[in-house]
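Remarks on the structure that follows.
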Amino acid sequence: MATITDVAREAGVSEATVSRVLNGKGTVSPTLAARVVAAASALGYRPSATAQGLVRGRTGTVGVLVPDLSNPYFHTLLEGIQRAAERDGVWIVVAHSHEDPELELERAIELGRRSDGLIVCSPRMSEESMRDLVRYLPNVVCTHRSPRGFDTPVVQSDVRRGSADLLALLRDLGHRRALYLSGPSRSWSNSERLRSLADVDGLDVTVVECGSTMDDGYAAIERDVVHGHTAVVAFNDLVAFGVLNRLHELGISVPGDIAVTGFDDIAFARFSSPSLTTVRTPTREMGHEAWHLMSLLLEGRPVGRTRPLRTELIVRQSTVGRVGGAGAATAAAGDPPSPVAAVTRPGRTPEPGPVVASA
């Protein structure tokens, strides 16, 4: 394997000159620079990324921490971050915390120390821990979190408005009593969903502690739990899939006996049986925005206040046909043909209001 000494000998220059040319530092004449590049190419020399990082004070990597890698929602978010980062020549290093707030803080610190910046997705840690993390690490971007109490850029979707739109749909379909299967207690998105329950009149919602996985949704459903309710509002699409499976086992028809909704509109939502009414969050766009904010931090440029990204209500078979039907509908883009049409209703994004605590 060729070394920097070999390149210097081939080009007839010093090792310091080779280093300056390949690291883009210092003033080197175009003629000498061309000789160095030609020699490096001829010898197949590739500079060590680790060594370059030490010279530049950069690792060329950014850490991304998510609470649960088994959730396809975070796969899409990671894809958005990674594609944007690749265009800037930066590698992404991913870790997850298994929904454990203490482990999350520990991994956030270690990941941040080994990279140029850290993107924390949907953190479960306390506000005090977030403040400590932001003080300890120089470049932190956060998603799915209120920025109150700590000074770092935040990327959000308008979860509360999207949830309110979903509840309003159920009310307009004639539902009067619904169950909300709540998500992780430290989830900012869950706290926003809970706040939205007060935003819609005419629908009585009972909150049942649940979680964020298919197993959680499955375990939450028994006949005595759903008795007297005509709709189940799941924390996310994965929970809704577990609910659909359990209701099928119990012989309870969806949407004939009870309606079911999810949240996020992950790729599988339109292929469930019945296809799932949900709220589409701009997940990939959030990933792009998170990287944009990180790139500004890495460049030392100012980062202004961001606004929540819009959500979109997606109506499919799991609610249509119950308690008066859905009325006129148009097919949701990309959904498979169905005897029951689907409709999309864009969520409304209000002016930014007071920031709130996460969980």
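Structure notes:
- Segment PHE271..ARG83, full-extension length gain: 65.1 nm, with 0.36 nm per residue of separation and the alpha-carbon distance subtracted.
- Equivalent ellipsoid of segment 165-254: semi-axes from √(5λ) of the C-alpha gyration tensor, largest first, are 19, 17, 10 Å.
- Fully extended contour minus Cα-Cα distance, from LEU43 to HIS75, at 0.36 nm per residue: 7.6 nm
- Per residue, the convex hull volume that the Cα atoms of segment 189-304 enclose (Å³): 126
- In range of the label at GLU249: residues from segment 203-221 whose backbone nitrogen is under 16 Å from the point 7 Å along Cα→Cβ: 213-221
- Burial ranking of peptide ranges 35-41, 190-196 (average Cβ count within 10 Å, highest at the top): 190-196, 35-41
- A simple rule links phi to the HN-Hα coupling: the Karplus curve 6.51 cos²θ - 1.76 cosθ + 1.60 with θ = phi - 60°, which for segment 85-92 gives 5, 4, 5, 9, x, 10, 8, 9 Hz, with x for Gly and Pro.
- Other-chain or far-sequence residues with amide H under 5 Å of THR59's (modelled H): ASP116
- Once the chain from ALA34 to ARG148 is taken as fully extended at 0.36 nm per residue, the excess over their C-alpha distance is 35.8 nm.
- Take each peptide in 182-189, 258-265, count the other Cβ atoms within 10 Å of every residue, and average; sorted highest first, the result is 258-265, 182-189.
Only the coordinates and a few stated rules stand behind these numbers; no lab work does. Since the model is a prediction, treat every value here as computed from it, not as a measurement. Positions of Cβ are backbone-derived with ideal geometry, glycine not excepted, and every protein chain shown enters the neighbour counts.
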